[in-house]
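Reading through the structure tokens given below for one structure.
The values are calculated or read from the model by the stated rules, or taken from the named source; none is laboratory data. Predicted model only: the values in this text are computed from it and were never measured. Neighbour counts run over all protein chains shown; Cβ positions are idealised from the backbone, glycine included. With ligands, DNA and RNA removed, areas are computed over all heavy atoms of the protein, side chains included. Shrake-Rupley method; radii C 1.70, N 1.55, O 1.52, S 1.80 Å.
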Amino acid sequence: TVSESSRIVIDKERRKVDIDPSYSPVYPYIDLAKFQLLVLEQQKLSELNIKSYPAFLDRSFIDNLAYSSLGKLDMSHIFFPFIENAGYTGVFFLDRLPFYNKDGARSEDHASAKIIHNTLFYFYQKLNIPVFRVRFFHGDDGVEKRANFILEKVGMI
């Protein structure tokens, strides 16, 4: 599995501020274009080591397109070469959970989170990558049901 690049970048920027309080961090709500370029670099590093075996990515280069679009930035010329060479074979797109919690990296309100979710789904569909919607299951075995659905789709059970 590959961790979410934007969260890694935000954590790195926070650590820089902790070390040097005069440092001006790059966050999406301060400079979206610069932040997306940092996320792109992190995603490249994260995906570099997975060429020889299957992997699950928390996010992909396609997310950069969606977030840039939401910020009314046209950075597609930067991201498309990476998307075309990534070799993504499918997307497991998880339905939104019935609850939403802000944290150190997620600061959007519920309405904004819904817009982001829908925009991400739009871009994944637009790029003709097979999208498997993974629905939310209620109950104590909900996570297990989601996991089994994914494992069945990749032929692991």
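The table that follows gives values for the structure above.
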{"quantity": "Surface accessible to a 1.4 Å probe, per residue, for the residues of the range 1-138, Å²", "calculated": "61"}
{"quantity": "Cα centre as origin, Lys/Arg/Asp/Glu Cβ charges: the chain dipole, Debye", "calculated": "220"}
{"quantity": "Cα gyration tensor shape for the range 17-75, rounded if a/c is under 1.5, else prolate or oblate", "calculated": "oblate"}
{"quantity": "Answer label, with Rg and Dmax of the Cα atoms in Å calculated from the coordinates and candidates (1) 16.5, 52; (2) 14.8, 47; (3) 19.7, 60", "calculated": "(1)"}
{"quantity": "Residue order for 80, 99 - accessible surface, 1.4 angstrom probe, largest first", "calculated": "99, 80"}
{"quantity": "Within a Gaussian network of the chain (alpha carbon springs, distance under 10 Å), most fluctuating of 64, 118, 85", "calculated": "85"}
{"quantity": "Tilt relative to the chain, helix 61-70 - C-alpha long axis, 0 to 90 degrees, to 10", "calculated": "60"}
{"quantity": "For the range 20-26, 3J(HN,Hα) per residue [Karplus equation, 6.51 cos²θ - 1.76 cosθ + 1.60, θ = phi - 60°, Hz, x = Gly/Pro]", "calculated": "9, x, 7, 5, 9, x, 9"}
{"quantity": "Filter on 34/126; 34/145; 72/145; 12/153; 34/153 - keep pairs with C-alpha separation over 27 Å", "calculated": "34/145; 72/145; 12/153; 34/153"}
{"quantity": "Carbon + sulfur, % of accessible area of the chain - ligands and nucleic acids excluded, 1.4 Å", "calculated": "56"}
{"quantity": "Gaussian network model of the chain, Cα within-10 Å springs - most flexible of 33, 66, 111", "calculated": "111"}
{"quantity": "Using alpha-carbon coordinates, inclination of helix 32-48 to the longest axis of the chain, degrees", "calculated": "50"}
{"quantity": "Cut-off under 5 Å, modelled amide H: who pairs with residue 132 long-range", "calculated": "91, 92, 93"}
{"quantity": "Neighbour cut-off at most 15 other Cβ (10 Å), DSSP loop, chymotrypsin sites (Phe, Trp or Tyr not before Pro), the range 23-55", "calculated": "23, 29"}
{"quantity": "The range 1-45: relative contact order in percent, alpha carbon pairs under 8 Å with at least 6 residues between", "calculated": "42"}
